[in-house]
Amino acid sequence: MRILTVVYTLIALALLLSFPEPASAHLVSTRFGELYSGLIHPLTALQHLVPWLGLGLLGGLLGNRTSRWVLLTFPLSAGAGALLAGGLPATAAIDHVNLFSFIVLGLLVALSVRLNRPTFLGLTVIFGLSHGFANGTPDLSGVPLLLYAVGVLLAAYVLIAIATAVTQLVSQRAAWGTIAIRAAGSWIVAIGLVFGGYSLTAGV
Amino acid sequence: MKKTLKNDLRPLLAVLLLFYAAAAFAHAETGVAGGLVSGLLHPVLGFDHLVAMVAVGLWGAQLGKPAIWVLPITFPVVMAIGALAGVAGLPLPFVEFGIAGSALVLGVMVALCLRPPFWAAAAMVGLFALFHGHAHGAEVPSAVNPLAYGVGFVTATGLLHLAGILIGVLLRWPAGDKVVRACGVAVAAVGLLALTLTFVPA
Amino acid sequence: MKPAAWIPAWIPAIAVAALAWAAPAAAHDTPIALLTLKETQPGTFVERWTYSSSLNIAAPTPVYPEHCVAEAPRVVCGELGLTGDFSFEKLGERYSAAVVRLMPLEGPKRSYTFTAAQPVITLTASGILPLSHIVAAYIPLGFEHIMLGIDHLLFVLGLMLLVSSPWMLVKTITAFTIAHSITLGLATFGVIGVPEGAVNALIALSIVILAVEVLKLRRGRAGWSATYPWVVAFGFGLLHGLGFASALTGIGLSQANLPAALLFFNIGVELGQLAFVAVVLAVAWSHRQLRAELPRWTETVAVYGTGTLATVWFYDRFGAIVAPLVT
């Protein structure tokens, strides 16, 4: 144990020395860097929350061998999307992709389509990137942007893990479970249709 | 020992609630709470809406498979198509008449325990879904937060179906059948009342 | 329940990586803007702002009661004095809270705390706030304080790694809660003083020690800390309570409202702590349900990372105490 202590004291010293002015950066007085805002943003915005839940429902209806990879692909692509948003101009096309995600994910759940692994993971990456991008803000760059993206990643991870696992549990343990989940999928389609129609006609 | 779903879900529910309480301290979107509440209340406050939706669940329970699971899955989507017309401001003739009428017709179906062929029942419910959706959709552009409003009214409608289906569980017992039919009579009465009110000049 | 299998490792791993990249946090404080209003003539007040933010972010805009006329830095309220609805615009975007310290010509000083959840306070001549104001203001403040306090959360996470059964977790978290409530109370009432720098340094050290204990346990050498984790939780909980207290004293409370404010701040802290524990447990459960447990070494890496980060914080905070003495 002594050797261990020495080793990580050395690592710590090295880290400490690599920061020229550690005391100047108060993470928390800037609201935890942007980590906290990145974490909260997608969870309080229904246009992300609803389709993310949809993705969780979809994953939970598939087998373990397919669904567990979503824990990796979706958070990482959402984080990457948020990073990209710092460098690229915002575009309405992304919002359209996100509207589309309501309907695609909702329909797949409602129809209980057995997607194969590459297709499912492809969807998680595409929608992860688009939703991550829509969460991002162009005002950030550098370290704050990275922290913000990590926040989005953590939010995506926590939400998708719980949603997928709960769906799986419900669909496996209860006779009515799959029907309830498919009905929830159709709610998401309905919400997507109404909101999409509104967004396109009102030009939001 | 087989674990039950109930035992597994209870702590999780608590988790989700706490989690959402945490998130609620910082809103990224405005008007979420207001939009949700008005959306949730819209189908509940219109009494003919409310009873018609419960009747859909009741009738689904009476018809049994496949209606019992096709209804809750397809109804929201068809309703959303009606809502789209409402959002876009496309006029649908006799909306109020259609909604009150749907309560009357569905109530009668449940009260008499009528079993038309599946496609006929589906077409009838689908038509009613369009009227109900139109009425909800027309409110969308004026909502504080249209998305939250949409989430609210879709969820409320779905939960009302669920209420109907749960009452339908009573059908397992002979006496329960009478209770369900009595509910149908009540629904039909509300529908009839609402229908006559549509003819009274405001 | 094996400790290895039930905490997903990459939550702390990612948090640690992000924090290590961003720079070590110094003593963490809740960002608060303080507005002092000094009555110079009857009904006329002078504004003075103090920001505790290290980045000079513009203060939230005060909205005075209707009969008051604000001509910065003076506020003229006339005969009615400073009574009625007082609020702040854009609170909660950059500042957690704004504190108004009122210094009237006669009578005791008063403090009012505004938060995003409580942006409007109705001022009265007597200065006593209704309970609902205090509940709405201090529960979110406590909640936010622990959520932003990554060092407290890492400590709680460490405790979760140390325990081996759900019942032990309940006892440990309860011990931590009781301990930090005691010192938070004592410090807020001024029974004990809080050397803020030293407390923050020791809090960092408590995480280091905990990380070492967790690593010992994982090598199969369960010491007394794994047998009696609630003792560890209680002991260090006393320390963490002092940390919470430094945040609460910074807010500036008037004596009249102190007990209630303390109670609801503490409740907010507990709710935040429970929410954190609940989310970690839920995510861990999800991994098990989805058969997506990670290999054991990932967790070891995360514990090392956490320990390293806490060590950096310790040196950083310790250095901040020693540096003025040396130079």
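The values are calculated or read from the model by the stated rules, or taken from the named source; none is laboratory data. Note that the coordinates shown come from a computational prediction; the quantities given were computed from them, not determined experimentally. Backbone-built Cβ (ideal geometry, glycine too); neighbour counts: all protein chains shown.
Residue check: A:V194 meets all listed conditions (1) farther than 20 Å from A:R68 by Cα; (2) surrounded by fewer than 22 Cβ atoms within 10 Å (Cβ to Cβ) but one, namely (2).
Does A:L153 qualify as being surrounded by fewer than 24 Cβ atoms within 10 Å (Cβ to Cβ) and at negative phi? Step through it out loud before you land on a result.
Working: surrounded by fewer than 24 Cβ atoms within 10 Å (Cβ to Cβ): no; at negative phi: yes.
The answer is no for A:L153.
Residues considered: A:L58, A:L107. Of these, the only one that is modelled with pLDDT of 90 or more, over 19 Å from the mean Cα position of the chain (by Cα) and buried (at least 16 other Cβ atoms within 10 Å of the Cβ) is A:L107. For the range B:84-126, which residues satisfy the criterion of being touching a residue at least 60 places away in the same chain (Cβ under 8 Å), out of contact with any Lys or Arg (no Cβ under 9 Å at 6 or more places or on another chain) and either of a type in the set (V, I, T) or within 14 Å of another protein chain (Cβ to nearest Cβ) (or both)? Once the filter is applied, which keeps residues that are touching a residue at least 60 places away in the same chain (Cβ under 8 Å), out of contact with any Lys or Arg (no Cβ under 9 Å at 6 or more places or on another chain) and either of a type in the set (V, I, T) or within 14 Å of another protein chain (Cβ to nearest Cβ) (or both), the range B:84-126 yields B:I99, B:V105, B:V108, B:V125. Does A:A175 qualify as being buried (at least 22 other Cβ atoms within 10 Å of the Cβ) and more than 14 Å from chain C (Cβ to nearest Cβ)? No.
Of the residues making up the range C:114-139, those that are part of a helix (DSSP H, G or I) and either at pLDDT below 80 or of a type in the set (A, V, I, L, M, F, W, C) (or both) are C:L131, C:S132, C:H133, C:I134, C:V135, C:A136, C:A137, C:I139.
Among the candidates A:A93, A:A78, A:A45, the residue that is at pLDDT 80 or above, away from chain C (no Cβ under 14 Å) and closer than 18 Å to A:A163 by Cα is uniquely A:A45. Report yes if C:F276 is of a type in the set (F, W, Y), assigned to a helix (DSSP H, G or I), crowded, with 22+ Cβ neighbours inside 10 Å and at pLDDT 85 or above, otherwise no. It is false that C:F276 is of a type in the set (F, W, Y), assigned to a helix (DSSP H, G or I), crowded, with 22+ Cβ neighbours inside 10 Å and at pLDDT 85 or above.
Of everything in the range C:148-166 that's away from chain A (no Cβ under 14 Å) and of a type in the set (V, I, T), which residue is nearest to the chain's Cα centre (by Cα)? Show your work before the answer.
As a first pass, look at the range C:148-166 and keep what is away from chain A (no Cβ under 14 Å): C:155-156, C:158-166.
Next, from what is left, pick out any that are of a type in the set (V, I, T): C:156, C:163.
Numbers: C:V156: 14, C:V163: 24 Å.
Here the residue is C:V156.
Could you tell me whether the range B:95-114 includes any residue that is surrounded by fewer than 24 Cβ atoms within 10 Å (Cβ to Cβ) and not in a helix (DSSP H, G or I)? Checked against the condition, which is being surrounded by fewer than 24 Cβ atoms within 10 Å (Cβ to Cβ) and not in a helix (DSSP H, G or I), the range B:95-114 yields at least one hit.
Those helices (runs of 4 or more DSSP H) of the range C:155-253 in which at least 1 residues are more than 21 Å from C:R296 (Cα to Cα) and charged (D, E, K, R), considering only elements entirely within it, cover C:166-188, C:196-218.
Are any of the residues in the range B:59-70 in contact (Cβ under 8 Å) with a residue 60 or more places away in the chain and either outside any helix (DSSP H, G or I) or more than 16 Å from B:G168 (Cα to Cα) (or both)?
no
Quickly run through the range B:131-145 and pick out the residues that are facing another protein chain (nearest Cβ under 10 Å) and crowded, with 24+ Cβ neighbours inside 10 Å. Within the range B:131-145, B:G133, B:H136, B:G137, B:V140 qualify. Only residues that are touching a residue at least 24 places away in the same chain (Cβ under 8 Å) and either of a type in the set (A, V, I, L, M, F, W, C) or within 11 Å of chain A (Cβ to nearest Cβ) (or both) were counted in the range C:286-307, giving 11. Restricting attention to the range B:146-202 and to residues that are of a type in the set (V, I, T), surrounded by fewer than 16 Cβ atoms within 10 Å (Cβ to Cβ) and assigned to a helix (DSSP H, G or I), the residue that is modelled with the highest pLDDT turns out to be B:V185. A:V158 fulfils the conditions (1) within 11 Å of chain C (Cβ to nearest Cβ); (2) part of a loop (DSSP other than H, G, I, E, B) except for a single criterion, (2).
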